[in-house]
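Asks: Right, I'll just put the structure down here and ask away after.
The values are calculated or read from the model by the stated rules, or taken from the named source; none is laboratory data. Just so you know, these numbers come straight off a predicted model, no measurement behind them. A quick note on method: Cβ atoms are made from the backbone with ideal geometry, for glycine too, and the neighbour counts reach across all protein chains shown. Accessible surface areas use protein heavy atoms only, side chains included; no ligands, DNA or RNA. Shrake-Rupley method; radii C 1.70, N 1.55, O 1.52, S 1.80 Å.
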Amino acid sequence: MCGIVGYTGTNQASPFLLEGLQTLEYRGYDSAGVDILSPDGGLHGVKCAGRVATLVERCAQANLVGTCGIAHTRWATHGAPSDRNAHPHRDCSGTISLVHNGIIENFRELREELLANGHELVSDTDSEIIVHLVEESMQGPAKGDLLEAVRIATTRLQGSWALGVICTEQPGVLVCARKNSPLVITSDETGAYCASDITAIIGKSRHITQLEDGQLARLTPDGGIYVIGADGRHVPNPQTIDVSWSASEAKRGGYPDFMSKEVAEQPDAMTRLLANRLGDDGIVLDELNMTDEEVAAIDRIYIIACGTSWHVGLVAKEAIERWAKIPVSVEIASEFSYSSVLITEHTLCVVITQSGETADTLAAARRMKAMGCRVFSICNVIGCTAARESDGTIYVQAGPEICVASTKAYTSQMVASFLFALYLAHKNGNMGLDEVKEKYDALLEAPEAARTVLERSWQDRNAARAFQGRVSSLYLGRGVNATSAREGALKIKELSYLHAEAYPAGEMKHGSISMVEDGYPIVAVVPDDDTRAKMLSNIQEVKARGACVISVATDDDEDIAAQSDYVLWIPRMTEPMFNAIPAAVHLQLLARFVAVDRGRDVDKPRNLAKSVTVE
Ligand code: F6R
């Protein structure tokens, strides 16, 4: 939520800043802005409501010159999307400029205090108060030292922040700070860079410095990165990582949109994750960081996640309970604080989060940790907060996911969950090595199955016609397919703004079947598994009431074809639970075609943001 980017060096700042904002636009896209320290010693900038493209046009006219600057793309929390509320924000004297990602929870008190002190606040945002706090400490205890001034200001804040700050008094100095919001830094021979996400700076260097919570950094034009802790002490060896993927992986590469690219990348992503995961002693999952005895003793698992990742949790529950016989509770992270938690010393908490920055998920994981529970995370973004705060992390290695709707991370997270379930089942004695090997071999079919579905995208293209002129739809399934239905319905809602409801198919006759009328689109996830016979009856029930049925079915299932208006065929999978993977790919493609038909921006659906860093 919100993307920030900053640069100080020997090059002109605005090309990098604007390009960086375009890369980060998935984090928020209702307004954007940039401020540059210009050679005349002043701050010059542009900010406006609307997308980064609008800002780029305005900047072309403004001719911003200077080699140190900050920029921001916003997802509004406090104050409507408008020119006035767009970042950067400046202090009263107009000499300090600041961008912020996060939420300041005590902003009302601070705002009152600042107004009483005579500050003039011109926006409705929580962020603006920070720049005025910096102004006060700059003039007071920090004695003109921007790093110290920002540090003192952050001691007043409650909430989350990633900050970029520049000022005319210290030309060339760019100060960053973070707490509970991501911020990464790098440098090359032409200067130093900061951003909310690696994708914006990976083109400069793959060697990334990650600020820890509470840390701040001073970046200088010679590429210097000086990190301090919240107490002001120098941190000589800040945490760094070397990223394995390249800048080109974060680009669209000839696809019409990032979603198409990311959907197409699924077979390769799953293959990467599955490589070398079977050893002599079963599934290799060293990332769990637990002894065999500790694993065998796990008596209960809490899975915590949001949105699409929560759907992965539902699939994981099926696999863990079936194979490892461990009871699993799957919790929506934002609801977790209201639920009573029953843990023992052998309970494991598993958080599933693509970004590893989702505020609700992090808060829930912290609650579990505070209760003494071990936390294992399934993440995609290397070095994310969830991973850093967990006792063990499996990275799904799907590569950067830029489209706001999660696709390749979903299928890879499912693969990781299946590996995890097999690992547990073998270690706790509920599955023999031979069966583990059989299941692993069956899981190896998943990338090829996804590839086959991609080649059949014309089926989704055709089926999307069933949604033309419709305002609502129903997605049905039973067992693990009910979760596929949920995920399919979420995708269509978020991408095309068409109402879709997912229902366990057997429950439909208890109410929602009354919605069915002539031409009403119903997506039935009905692969050839133990749910098929009852699903066939459900399909007949809605067909009899005039529904237009789109079935996701196993190759050659003529009975299903006879009852369906459209069929999205998936290859036969050896393990029925793994049908969830090719089914997901079809439902992603279907949702994309429906959205494209409605003229939607599939990569940036309205009101959404990729990384949801507010609770
Ligand atoms: C839907 C989608 C969201 C995310 C959710 C959690 O397509 O992308 O529902 O799954 O915001 O995000 P992560 O996995 O980053 O915690």
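Asks: Please indicate, with yes or no, whether at least one residue in the range 381-389 is open to solvent by less than 20 Å² (accessible area, probe 1.4 Å), of a type in the set (Ser, Thr, Tyr) and either farther than 27 Å from residue 428 by Cα or outside the structural domain of residue 493 (by TED's automatic domain parsing) (or both).
Replies: Scanning the range 381-389 turns up at least one residue that is open to solvent by less than 20 Å² (accessible area, probe 1.4 Å), of a type in the set (Ser, Thr, Tyr) and either farther than 27 Å from residue 428 by Cα or outside the structural domain of residue 493 (by TED's automatic domain parsing) (or both).
Asks: If you go through the range 340-388 one residue at a time, how many are under 23 Å from residue 198 (Cβ atoms) and either within 13 Å of the ligand (Cβ to nearest atom) or charged (D, E, K, R) (or both)?
Replies: Result for the range 340-388: 23.
Asks: If you check 601, 530, which single one turns out to be within 16 Å of the ligand (Cβ to nearest atom) and open to solvent by 30 Å² or more (accessible area, probe 1.4 Å)?
Replies: On inspection, the qualifying residue turns out to be 601.
Asks: Go through the range 319-336 and give me each residue that's open to solvent by less than 40 Å² (accessible area, probe 1.4 Å), in contact with an Asp or Glu (Cβ under 9 Å, 6 or more places away or on another chain) and within 16 Å of the ligand (Cβ to nearest atom).
Replies: 333, 336
Asks: Now, a different point. Of the residues that make up the range 501-514, is at least one within 16 Å of the ligand (Cβ to nearest atom), over 30 Å from residue 197 (Cα atoms) and not acidic (Asp, Glu)?
Replies: The answer is yes, given that some residue of the range 501-514 is within 16 Å of the ligand (Cβ to nearest atom), over 30 Å from residue 197 (Cα atoms) and not acidic (Asp, Glu).
Asks: Filter the range 210-255 down to residues that are farther than 15 Å from residue 151 by Cβ, of a type in the set (Gly, Ala, Ser) and modelled with pLDDT of 95 or more and give me whichever is surrounded by the most Cβ atoms within 10 Å (Cβ to Cβ).
Replies: Per the criteria, the residue is 223.
Asks: Go through the range 355-368 and give me each residue that's within 20 Å of residue 395 (Cα to Cα) and either of a type in the set (S, T, N, Q) or in contact with a strand residue (DSSP E or B) (Cβ under 6 Å, 6 or more places away or on another chain) (or both).
Replies: Those that are within 20 Å of residue 395 (Cα to Cα) and either of a type in the set (S, T, N, Q) or in contact with a strand residue (DSSP E or B) (Cβ under 6 Å, 6 or more places away or on another chain) (or both): 355, 356, 358, 361, 364, 365.
Asks: What tally of residues in the range 189-218 results from selecting those that are in contact (Cβ under 8 Å) with a residue 40 or more places away in the chain and in a strand (DSSP E or B)?
Replies: Total satisfying the criteria: 10.
Asks: Then there is this: Just to check your reading of the model, which residue among 487, 445 is buried (at least 24 other Cβ atoms within 10 Å of the Cβ) and touching a residue at least 12 places away in the same chain (Cβ under 8 Å)?
Replies: 487
Residue-by-condition table, conditions (1) over 24 Å from residue 366 (Cα atoms); (2) in contact with a strand residue (DSSP E or B) (Cβ under 6 Å, 6 or more places away or on another chain); (3) among the basic types (Lys, Arg); (4) not assigned by TED's automatic domain parsing to the domain that holds residue 386:
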| site | (1), (2), (3), (4) |
| --- | --- |
| 174 | yes, yes, no, yes |
| 178 | no, yes, yes, yes |
| 181 | no, yes, no, yes |
| 185 | yes, yes, no, yes |
| 192 | yes, yes, no, yes |
| 197 | no, no, no, yes |
| 221 | yes, yes, no, yes |
| 227 | yes, yes, no, yes |
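Asks: Sticking with this structure for a sec: Pairs, please: C-beta under 8 Å, at least 6 apart or cross-chain, first residue closer than 16 Å to residue 340 by Cβ and open to solvent by 70 Å² or more (accessible area, probe 1.4 Å) and in the range 358-375, second part of a helix (DSSP H, G or I) and more than 12 Å from the ligand (Cβ to nearest atom)?
Replies: Taking only residues 6 or more apart or on different chains, the pairs are 367/336.
Asks: Working only within the range 389-420, note down all residues that are assigned to a loop (DSSP other than H, G, I, E, B), modelled with pLDDT of 95 or more and away from the ligand (no atom under 11 Å from the Cβ).
Replies: Of everything in the range 389-420, those that are assigned to a loop (DSSP other than H, G, I, E, B), modelled with pLDDT of 95 or more and away from the ligand (no atom under 11 Å from the Cβ) turn out to be 390, 391.
Asks: Of the conditions (1) closer than 19 Å to residue 311 by Cβ; (2) in a loop (DSSP other than H, G, I, E, B); (3) within 14 Å of the ligand (Cβ to nearest atom), residue 573 fails just one. Which one is it?
Replies: Evaluating residue 573 over (1) closer than 19 Å to residue 311 by Cβ; (2) in a loop (DSSP other than H, G, I, E, B); (3) within 14 Å of the ligand (Cβ to nearest atom) leaves (3) as the failure.
Asks: Are there any pairs with C-beta distances below 6 angstrom linking a residue in the range 315-333 that is of a type in the set (Ser, Thr, Tyr) to a residue that is open to solvent by less than 40 Å² (accessible area, probe 1.4 Å) and within 16 Å of the ligand (Cβ to nearest atom), with the two at least 6 apart or on different chains, and if so which?
Replies: Taking only residues 6 or more apart or on different chains, the pairs are 329/302.
Asks: Moving on. Can you pull out the residues in the range 292-318 that are in a strand (DSSP E or B), touching a helix residue (DSSP H, G or I) at 6+ places or on another chain (Cβ under 8 Å) and away from the ligand (no atom under 16 Å from the Cβ)?
Replies: Once the filter is applied, which keeps residues that are in a strand (DSSP E or B), touching a helix residue (DSSP H, G or I) at 6+ places or on another chain (Cβ under 8 Å) and away from the ligand (no atom under 16 Å from the Cβ), the range 292-318 yields only 301.
Asks: Using the structure shown, decide if residue 45 is at positive phi and in the same structural domain as residue 161 (by TED's automatic domain parsing). Outline the logic, then answer.
Replies: Numbers: at positive phi: no; in the same structural domain as residue 161 (by TED's automatic domain parsing): yes.
So residue 45 does not fit the description; no.
Asks: With 175, 150, 165 as the choices, which residue is among the hydrophobic types (A, V, I, L, M, F, W, C) and not in a strand (DSSP E or B)?
Replies: Answer to the selection: 150.
Asks: In the range 576-594, how many are more than 19 Å from residue 307 (Cα to Cα) and either within 16 Å of the ligand (Cβ to nearest atom) or open to solvent by 10 Å² or more (accessible area, probe 1.4 Å) (or both)?
Replies: 3
Asks: With 61, 22 as the choices, which residue is among the polar types (S, T, N, Q) and within 19 Å of residue 402 (Cβ to Cβ)?
Replies: 22
Asks: While we're looking at this one, here's another question. Those residues that are over 11 Å from residue 452 (Cα atoms) and β-branched (Val, Ile, Thr), I need them from the range 569-591; list them, please.
Replies: Those that are over 11 Å from residue 452 (Cα atoms) and β-branched (Val, Ile, Thr): 574, 581.
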